[in-house]
Amino acid sequence: MTVTEKLNGYGPLAGIKVVEMCTYVAAPATVRVLSEMGAEVIKIESFAGDTQRTQGPGFGCELTDTEDPTIDLNNTNKNWVSLNLKDPEGLAIAKKMIGEADIFMNNMRTAALKKLGLDYETLHEEFPGLIWGQMRGYGEFGELAHAPGYDAVCWAARGGVAGTFPEKDTSPAIPPQAFGDYNTAIMMAAGLLGALVNKLRTGQGDKVVVNLYHSAIWGGSIGLCAQQFGADYPKSRTDVPNPFNNTYKTADNKWLYICQPQHNRYYNDMMKIIGRDDLVDDPRYATIENVKANHLQPELITILDEGFSKKDLEEWLKILAEWDVPSQKVFRFTDILKDDEAYVNDAIRKVKYNAFGEHALPTTPIRFGGYGDPPIILSKPIGYHTAEYLEQYGYTPEQIAELEEKGAVKCYHGEEVPDTIFKSERQEKGEAPCNW
């Protein structure tokens, strides 16, 4: 049974077929978004597999012959086929699968695509209804068009993230690995779905391209606008444009983040909150216009620093909630992994491994009222569904064995990996339906 059959028609994309030739994070994560909407996904790997399969041990995440928590991050609910695209018969099988798909998603180099006849122009002429998607590091034009791209260099470095996020005059930030990839994946998924709507209306496919550098620029829109009006980045927290949108250390040495964008409206409230009634209606600080004109942000931030240093974090959170001030503790990943809010809203789901025990797996963030929390089936070894799909295309077991013997395809011959469906916390408790 394929993974798609196990999902039993779940999701708004049930019946939509996606063929994926993607490695690492951004492009496979794009397809994960579609897979958790119910699309049938055929992931075509080389005999060596998606390069992401090699990454886990680098940060302590080991793998076995049948389980790989790292590959699961980007590859839930997929079917796994392994083909040798350098072999004519292997390439012909891939082309047949692509020809029957609604979407072909890749992050291969343009030169390699053209050599294989998998570039947009070639496939569009042969399959005019196909949606062709490509994830890139940089755009299609200019000197970097064909440069290798990872989120660390395209998104974090050139995209300004590493240079504008840290405290001023400190080292560049090093965002968590693939932070930009996951943000960009959602953008790519949106593009593919837009093209799919058009295909369903007109029957015509299209080319959809997203790149990591552009994704970072879009995410930095406000900063890029503000930079042109004199707001230089990176900033120091002691000199931010609006002191009511800033971080403050509490008495128990924890950090609090408040976000009160309307300075003038809430100035008096903030002074009362920190116990500085003497500064209510103070003309120096009461309007953001005067604060900015006289560069009084450092003075006001010092006042706020002193105020917030007098109580513990939890006490401040209660007080700020009573005053309707948007605020939160500044979390680390350790906080998120034990945050009930994340689990009850299915942002994180517990999955169980035979070799590693129970672990937390982030989920894709889109939910549909008619379908609820999606079923999640973890990844499979290389070539796990190759034989099953070839049989669907009319190959006999003998022909499949012959193709494998000559090196055109790779089939999995190890122990069976169950299609365990992992449910959300609310589904496990019977508080939410399982719509599959």
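Numbers at a glance
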read-out	value
Vicinal HN-Hα couplings computed from phi for segment 328-338 (Karplus, 6.51 cos²θ - 1.76 cosθ + 1.60; Hz; Gly/Pro x)	7, 5, 6, 7, 10, 4, 4, 6, 4, 5, 10
Chymotrypsin sites (Phe, Trp or Tyr not before Pro) within segment 395-431: DSSP coil, no more than 10 neighbouring Cβ in 10 Å	none
Loop trypsin sites (Lys or Arg not before Pro), segment 1-94 (other Cβ atoms within 10 Å of the site Cβ: 14 or fewer; DSSP)	86
Estimated FRET transfer efficiency (residue 240, residue 322; beta-carbon r; R0 25 Å; 0.05)	0.50
Equivalent-ellipsoid semi-axes of segment 242-379, from the Cα gyration tensor, Å, largest first	41, 17, 13
Residue among 426, 367, 201 with the largest mean-square fluctuation in a Gaussian network model of the chain, springs linking Cα atoms under 10 Å	201
Percentage of interatomic Cα-Cα distances in segment 134-189 larger than 15 Å	51 percent
Residue among 83, 200, 34 with the largest mean-square fluctuation in a Gaussian network model of the chain, springs linking Cα atoms under 10 Å	200
Percentage, to the nearest whole number, of Cα pairs in segment 45-197 over 19 Å apart	65 percent
Of 114/199; 43/95; 168/311; 17/207; 43/86; 350/380, pairs whose Cα-Cα distance is over 20 Å	114/199; 168/311
Whole-number percent relative contact order across segment 23-122, with pairs defined as alpha carbons under 8 Å at least 6 apart	31 percent
For the chain, built as a Gaussian network whose Cα springs stay under 10 Å, the top-fluctuating residue of 163, 275, 191	275
Dipole-positive endmost among 94, 353, 170 within the chain (Cβ charges, Cα centre)	170
Förster radius 45 Å - calculated FRET efficiency between residue 269 and residue 355 (Cβ-Cβ, nearest 0.05)	0.25
DSSP-defined antiparallel bridges as percent of all bridges, the chain, nearest 5	45 percent
Where labels lie 7 Å past Cα in the beta-carbon direction, separation of residue 109 and residue 420 in nm	4.0 nm
Alpha-carbon centroids, segment 190-259 and segment 405-422: separation in whole Å	41 Å
Relative contact order of segment 65-152, pairs being alpha-carbon contacts under 8 Å that are 6 or more residues apart, as %	21 percent
Segment 323-375, Cα convex hull volume normalised per residue, Å³	116 Å³
Relative contact order for the chain, counting Cα pairs under 8 Å that sit 6 or more residues apart, in percent	19 percent
Overall dimensions of segment 1-131 by Cα: Rg and Dmax, Å	14.9, 46
Karplus 3J(HN,Hα) series, Hz, for segment 157-166 with 6.51 cos²θ - 1.76 cosθ + 1.60 (x for Gly, Pro)	7, 5, x, x, 5, 5, x, 10, 7, x
Backbone N under 20 Å from the residue 146 label point (7 Å along Cα→Cβ), restricted to segment 3-46	none
10 Å Cβ shell holding at most 16 others, DSSP loop, GluC sites (Glu not before Pro): longest site-free stretch of the chain	168-414
Within segment 235-271, backbone nitrogen closer than 17 Å to the virtual label 7 Å beyond the Cα of residue 229 toward Cβ	240-245, 261-265
Alpha-carbon centroids, segment 283-358 and segment 12-50: separation in whole Å	36 Å
Distance from segment 91-133 to segment 140-181 (C-alpha centre basis), Å	29 Å
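A short reminder: the numbers here are calculations on the coordinates, not readings from a lab. Small disclaimer: the values here were computed from a predicted structure and weren't measured. No Cβ is skipped: glycine too gets one built from the backbone with ideal geometry, and neighbour counts run over all protein chains shown.
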